[in-house]
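In what follows, a single structure is set out as structure tokens and then discussed.
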Amino acid sequence: MDERVLVADDDFSIRRLVCTIVKREGLQADCVSDGAEAIEMLQENEYAVVLLDLMMPRVDGFAVIDYLRDHPPAEKPVVLVITAYADQQFRQVDPNIVAGVLRKPFEVADLGTLIRLCATGFDERAQRQLTYANERTLRLA
């Protein structure tokens, strides 16, 4: 499988954990520490999935979402926000860009399942797994 996933999070340990989960799912991970680097990577590469923190230095996750809205890639990635923000703040994300919001702390197994499903598409069984994971950890935008 050669699907690419972009992980953007300024917290080193979370970024490393999420990148490890992505690689464990058999996917290629590009990992960056802020929104400016995420935008650079989006300009250079196509991604199946973008995992995006909202609170990052220089350029935050909201600006990355704005970039994706204003510069839609040929293949639209599935964007999942991973955040510790309260509900009120993440309600501001564009539901046309963001597929869902995963609250920190998250379950490692659930994130792995979500990444795999988002990167490889959905069949009936996968949809049931995603629905179960959503009920536990993911709030759809």
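The values are calculated or read from the model by the stated rules, or taken from the named source; none is laboratory data. All figures in this text were calculated on a predicted structure; none of them were measured in a lab. Counting neighbours? That spans all protein chains shown, and the Cβs are built from the backbone with ideal geometry, glycine included.
A few remarks follow.
- In segment 8-21, the residues that are over 17 Å from LEU54 (Cβ atoms) form Cβ pairs under 6 Å with partners that are at pLDDT 95 or above and surrounded by fewer than 23 Cβ atoms within 10 Å (Cβ to Cβ), at six or more places apart or across chains, as follows: CYS19/ALA29; CYS19/CYS31.
- Every listed requirement among (1) within 13 Å of the chain's Cα centre (by Cα); (2) modelled with pLDDT under 90; (3) assigned to a helix (DSSP H, G or I) is met by ARG125 save one, (1).
- Only one entry of ILE14, ILE21, ILE65 meets the criterion of being farther than 20 Å from VAL108 by Cα and at pLDDT 90 or above, and that entry is ILE65.
- Taking the criterion of being in a helix (DSSP H, G or I) and in contact with a strand residue (DSSP E or B) (Cβ under 6 Å, 6 or more places away or on another chain), the residues of segment 30-56 that qualify are ALA38, MET41.
- Number of positions in segment 77-91 that are in a loop (DSSP other than H, G, I, E, B), modelled with pLDDT under 90 and surrounded by 12 or more Cβ atoms within 10 Å (Cβ to Cβ): 3
- Checking segment 6-17 against the condition returns no match, with no residue being of a type outside the set (D, E, K, R), surrounded by 19 or more Cβ atoms within 10 Å (Cβ to Cβ), touching a helix residue (DSSP H, G or I) at 6+ places or on another chain (Cβ under 7 Å) and assigned to a helix (DSSP H, G or I).
- Some residue of segment 66-75 being of a type in the set (Phe, Trp, Tyr), under 14 Å from the mean Cα position of the chain (by Cα) and not in a loop (DSSP other than H, G, I, E, B): no
- So LEU130, is it closer than 16 Å to GLU25 by Cβ and either part of a loop (DSSP other than H, G, I, E, B) or modelled with pLDDT under 80 (or both): yes
- Within segment 21-31, the residues that satisfy the criterion of being surrounded by fewer than 19 Cβ atoms within 10 Å (Cβ to Cβ) and at negative phi are LYS23, ARG24, GLN28.
- Considering segment 37-64, and only residues there that are out of contact with any helix residue (DSSP H, G or I) (no Cβ under 6 Å at 6 or more places or on another chain) and of a type in the set (Asp, Glu), the residue that is surrounded by the most Cβ atoms within 10 Å (Cβ to Cβ) turns out to be GLU37.
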